1. Please report 33, 77, 93 as a ranked list, fewest other C-beta atoms within 10 angstrom at the top and most at the bottom.
2. Which length gain, in nm to one decimal place, applies between residue 84 and residue 124 when the Cα-Cα distance is subtracted from 0.36 nm times their residue separation?
3. What does the net charge come to around residue 96 if you take all other residues with beta carbon closer than 12 Å to its beta carbon, with K and R at +1 and D and E at -1?
4. How long is the gain from residue 48 to residue 64 if the chain were fully straight, where each residue apart is worth 0.36 nm and the alpha carbon distance is subtracted?
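Please treat every number below as a calculation from the coordinates, not as lab data. In this text the structure is predicted, and so the values were computed from the model without any measurement. Methodologically, a virtual Cβ is constructed for each residue, glycine included, from the backbone with ideal geometry; neighbour enumeration extends over all protein chains shown.
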Amino acid sequence: MSAIGAVEERLAELRGGERGEARTQLLDLVVLTDDPHEARRMARLLEQLPGNRPSRAIIALAAHGSRELDAVAEVVTTPSPSGEGELRCELVTLGAGDEGAALPSLIASLLLPDLPVFLLLRLDPERWEPLVKACWSFASRVVVDSTGERSGLHSLPGLLARGVETTAIRSLNTSMKPMPRFWTTLARKR
């Protein structure tokens with residue numbers, strides 16, 4: 001069985017089969033990072049978010065050199081605001097070596113259809129340009145934490161000049177109109 005098939009099967013099992021509890025229908029969140037500590041931190045942060053969570057969060061850890069493909073899937077639950085039932089966020093963590101070359105196709109295969117895809121850069125886009133550019137093809141929004149040292153905010157003009165004009169760029173400092181509480185909570189947890 002492929003890594004994608006194993007992840008999808010595990011998520012269906014955690015949801016209670018195809019007709020398990022409802023998951024939120026907000027967006028897909030893809031986090032690109034090159035730091036294992038940051039990947040774990042982002043997973044913890046997503047588990048602690050109240051209410052508005054992405055439908056599926058994919059944390060993609062890219063590494064230089066050789067590394068086995070690693071894929072872990074879990075479901076994070078929170079009580080629904082009405083108090084009836086639960087909302088579920090599917091959390092997938094991927095790790096791949098060889099400059100993360102396998103990550104864009106793995107991520108694209110795991111995205112939920114018909115939802116916007118927010119791409120959160122937690123790595124330097126210049127150092128990881130091939131990976132970042134490959135992921136921009138499916139991103140509805142690219143999110144850069146302009147308060148972070150490793151945000152890569154400085155490299156966005158260069159990346160945009162290389163032909164990615166149609167992607168909307170946002171900072172955590174600006175308004176994220178579709179989900180202000182989600183992004184405000186994300187910014188506060190940092």
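1. Details: 33 23, 77 15, 93 20.
Starting with the residue having the fewest Cβ neighbours, the order is 77, 93, 33.
2. Once the chain is fully extended between residue 84 and residue 124, it gains 10.2 nm.
3. -4
4. In short, 2.8 nm is gained.
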